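A.B. asks: Could you have a look at this structure, given as structure tokens, before my questions?
The values are calculated or read from the model by the stated rules, or taken from the named source; none is laboratory data. In this text the structure is predicted, and so the values were computed from the model without any measurement. For neighbour counting, all protein chains shown are included, and Cβ atoms are generated from backbone atoms with ideal geometry for every residue, glycine included.
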Amino acid sequence: MLDVKFIRENADAVKEACKVKGIQLDIDKMIDLDKEIVTLKTELQELQALRNAHSKKIPSASAEERPKLIEEGREIGQKVDALKPSVQEKEDELKNMLWLVPQIPSPKAPLGKDDSDNIEVKKHGNLPEFSFKPLDHVEILEKHSWAEFERVAKVCGSRSYSLRNEMVLLEMAMHRYGLEKLMKKGFTIASTPAFAREEALYGTGHFPTGRDQVYYLPEDDMYLSGTAEVQINSFHTDEILSEADLPIFYAGFSPCFRREAGSYGRDVRGLIRVHQFQKTEQYIICKNDAAESEKWHKMLLETSEEIVQDFELPYRIVECCTGDMGAGKVRMYDVECWVPSENKYRETHSCSALHDWQSRRTNTRYRDNEGKVQFCHTLNNTAVATPRILVPFLENHQQEDGSVRIPEKLRPYLGGLEFIGKK
RNA sequence: GGAGACGUGGCCGAGUGGUCGAAGGCAGCACCUUGCUAAGGUGUCGUACGGGUAACUGUACCGAGAGUUCGAAUCUCUCCGUCUCCGCCA
């Protein structure tokens, strides 16, 4: 969300943001609507001032004067009541449009239409060379009975899975490793509920546009969130923090749910795109300062890099172009890990800086050292998302004998095992 | 699932129809004091929107929404939340 005042004064920049992000929105209409609201509100406020002044006279009025004054007051009240609904209606209309206004992307962000315009900014690690015919991750899983798909699909539908035996332990080890790393870096580890109210999804920006991607629980009017970002982003709703409190680092740990509507036929096989997964998420609230945001954005990205490096996965970083980054984002990077069976890099982490776009939606503010109340900046990035990360992990670390090598940094979390699946 | 209590500013807490955006205290901030000194005094101290160069000023906000009333923090209803007791339960 952007400030209406900002939109009013920077209409061209906002229109340009809509254009480069591929968002259809009538900014001029919003500005006209806003003008109309200001006019109506001024009128309403004048009437309310009149009403207040008038009703103040009544307590001291004599018994004879009273009925007349009350009658006059009633008339003013009727005028107020007549005006109120139209103000309310127009404010709601504006608010509904404001939810859709994109954040202005950084001038450093590459322009582009979709993910094909993303720019590779870094490559790390050597691609594996196999002296044998490597298996894809589903074949590896099946070979060791490390996952069950068909029976689970009968129970839970497509894009479901059940990890088995060492895979469950490996999954837990990865999260344990990630959480400990983040804790050492000063993050507060927060297990979060997987469900949330509608407001929280508006807060992150998943709503109103992404409703079809989110599971809904009608009995309880709750939604299953696709990331702990949803809950964490709303933790400080309506609060005015102190500058001294910032930055706040959260490491969210939660099950995540995505309907994957519209992705029929894409990545249906295996663990790349599933309805339910487990994620350790990095989240930062910091002060309203672009340089500060940029600093933490770098830090978040570096942390993800450390993680995939410790997992010994070849990866690259792409900077997402304006058309691929999402409405709320100023700048965004993806970490993509090498998937040998597909002969390409696949996204495993997504690192975003949103400036005050989310904090305006949740009304999360802080008082700066000068006493001025400001909206916070927010950032987030994946730390560990399973089972997706298992795909490059299994495929890159597979051995000729069918076992899978465990990188050194992960061994302490797996009872020191160097390999899993060794006969 | 059943019964009850409650929700006021950064925090504590008073306020049950008008003079209340809200007493008092704590914390914060500014200045003063410097033999009651890890203290004392005075002042200041919510947010948003509108008007004004500014001082200042108008409106709204006492969990949220709706209602009653000339007038609502205060009365009514709905919802949300917190707490207590009973029941059920991983």
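A.B. asks: If the requirement is being modelled with pLDDT of 95 or more and in contact with a Cys (Cβ under 7 Å, 6 or more places away or on another chain), which of these qualifies: A:Pro128, A:Pro134, A:Pro107, A:Pro102? Please lay out each step first, then the result.
C.D. replies: On the way: A:Pro128 fails: in contact with a Cys (Cβ under 7 Å, 6 or more places away or on another chain); A:Pro134 fails: in contact with a Cys (Cβ under 7 Å, 6 or more places away or on another chain); A:Pro107 fails: in contact with a Cys (Cβ under 7 Å, 6 or more places away or on another chain).
Of the residues listed, the single one that is modelled with pLDDT of 95 or more and in contact with a Cys (Cβ under 7 Å, 6 or more places away or on another chain) is A:Pro102.
A.B. asks: Please tell me if A:Ile104 is within 30 Å of A:Ser293 (Cβ to Cβ), assigned to a helix (DSSP H, G or I) and more than 10 Å from RNA strand B (Cβ to nearest atom).
C.D. replies: Values: within 30 Å of A:Ser293 (Cβ to Cβ): yes; assigned to a helix (DSSP H, G or I): no; more than 10 Å from RNA strand B (Cβ to nearest atom): yes.
Answer is no for this residue.
A.B. asks: In addition: Got at least one residue in the range A:24-31 being closer than 29 Å to A:Pro105 by Cβ, surrounded by 15 or more Cβ atoms within 10 Å (Cβ to Cβ) and within 15 Å of RNA strand B (Cβ to nearest atom)?
C.D. replies: Of the residues in the range A:24-31, the ones closer than 29 Å to A:Pro105 by Cβ are A:24-31.
Subset that is surrounded by 15 or more Cβ atoms within 10 Å (Cβ to Cβ): A:25, A:27, A:30-31.
From what's left, within 15 Å of RNA strand B (Cβ to nearest atom): A:30-31.
Yes: the range A:24-31 contains one or more residues that are closer than 29 Å to A:Pro105 by Cβ, surrounded by 15 or more Cβ atoms within 10 Å (Cβ to Cβ) and within 15 Å of RNA strand B (Cβ to nearest atom).
A.B. asks: If only one of A:Leu414, A:Leu379, A:Leu354 is more than 16 Å from RNA strand B (Cβ to nearest atom), in the same structural domain as A:Ser234 (by TED's automatic domain parsing), in contact (Cβ under 8 Å) with a residue 12 or more places away in the chain and more than 22 Å from the chain's Cα centre (by Cα), which one is it? Reasoning before the result, please.
C.D. replies: Numbers: A:Leu379 fails: more than 22 Å from the chain's Cα centre (by Cα); A:Leu354 fails: more than 22 Å from the chain's Cα centre (by Cα).
That would be A:Leu414, the only listed residue that is more than 16 Å from RNA strand B (Cβ to nearest atom), in the same structural domain as A:Ser234 (by TED's automatic domain parsing), in contact (Cβ under 8 Å) with a residue 12 or more places away in the chain and more than 22 Å from the chain's Cα centre (by Cα).
A.B. asks: Assess whether A:Pro85 counts as being more than 22 Å from A:Gly421 (Cα to Cα) and either modelled with pLDDT under 95 or within 16 Å of RNA strand B (Cβ to nearest atom) (or both). Spell out the reasoning first.
C.D. replies: Numbers: more than 22 Å from A:Gly421 (Cα to Cα): yes; either modelled with pLDDT under 95 or within 16 Å of RNA strand B (Cβ to nearest atom) (or both): yes.
It is true that A:Pro85 is more than 22 Å from A:Gly421 (Cα to Cα) and either modelled with pLDDT under 95 or within 16 Å of RNA strand B (Cβ to nearest atom) (or both).
A.B. asks: Within the bounds of the range A:383-397, is there any residue that is in the same structural domain as A:Lys143 (by TED's automatic domain parsing), within 16 Å of RNA strand B (Cβ to nearest atom), under 30 Å from the mean Cα position of the chain (by Cα) and surrounded by fewer than 23 Cβ atoms within 10 Å (Cβ to Cβ)? Break it down stepwise before answering.
C.D. replies: Let us first name the residues in the range A:383-397 that are in the same structural domain as A:Lys143 (by TED's automatic domain parsing), namely A:383-397.
Of the ones still in play, those that are also within 16 Å of RNA strand B (Cβ to nearest atom) are none.
Checked against the condition, which is being in the same structural domain as A:Lys143 (by TED's automatic domain parsing), within 16 Å of RNA strand B (Cβ to nearest atom), under 30 Å from the mean Cα position of the chain (by Cα) and surrounded by fewer than 23 Cβ atoms within 10 Å (Cβ to Cβ), the range A:383-397 yields no hits at all.
To keep it simple, each residue is scored yes or no on (1) within 16 Å of RNA strand B (Cβ to nearest atom); (2) modelled with pLDDT of 95 or more; (3) under 16 Å from the mean Cα position of the chain (by Cα).
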residue	(1), (2), (3)
A:Lys154	no, no, no
A:Gly157	no, no, no
A:Glu166	no, yes, no
A:Gly178	no, yes, no
A:Lys181	no, yes, no
A:Pro193	yes, no, yes
A:Ala200	yes, no, yes
A:Gly203	yes, no, yes
